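Data first, discussion second: the structure below is written as structure tokens.
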Amino acid sequence: MDYLGISEDQDHEDGGNIEAKGRMEQAGWIAASWRITENNRRARIYHLTRTGQKRLSEEEARRDRLLEAVGKVLRFVYARRICHGLASPFPQHHFALKS
């Protein structure tokens, strides 16, 4: 299993984090165990499960497809603007710094 991280003293965590980790644990994507740290504090150690690794790979592939599609759109926009004699795919005022 891949190591995900340590979450010391559960009460110090953001509530959304706790809920998200709970949902991921319930879905079987992560597994957790309690350990004692070098500072004698309880820490919850999270690991990515095989199911979680599969889900992560699927999401990475989905992200890559999205990035590829966005890249194609941007290349198309850039090519069209070049064909019409415009040097930049975006008007210069979009990038002007305001003082």
Flag if TYR46 is at pLDDT below 95, in a strand (DSSP E or B), out of contact with any Cys (no Cβ under 9 Å at 6 or more places or on another chain) and surrounded by 12 or more Cβ atoms within 10 Å (Cβ to Cβ): yes
Where MET24 falls short, out of the listed (1) surrounded by 12 or more Cβ atoms within 10 Å (Cβ to Cβ); (2) modelled with pLDDT under 90; (3) within 17 Å of the chain's Cα centre (by Cα): (2)
Residue in the range 57-65 that is free of Cβ contacts under 8 Å to residues at least 60 places away in the same chain, assigned to a helix (DSSP H, G or I) and either in contact with a strand residue (DSSP E or B) (Cβ under 7 Å, 6 or more places away or on another chain) or among the polar types (S, T, N, Q) (or both) present: yes
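Out of the range 71-98, which residues are of a type in the set (Val, Ile, Thr) and either surrounded by 11 or more Cβ atoms within 10 Å (Cβ to Cβ) or modelled with pLDDT of 95 or more (or both)?
Within the range 71-98, the subset of a type in the set (Val, Ile, Thr) is 73, 77, 82.
Selection gives VAL77, ILE82.
The values are calculated or read from the model by the stated rules, or taken from the named source; none is laboratory data. Bear in mind the structure is a predicted one, so any value in this text is a computation, not a measurement. Reconstructed Cβ throughout: ideal geometry from the backbone, glycine too, with neighbour counts over all protein chains shown.
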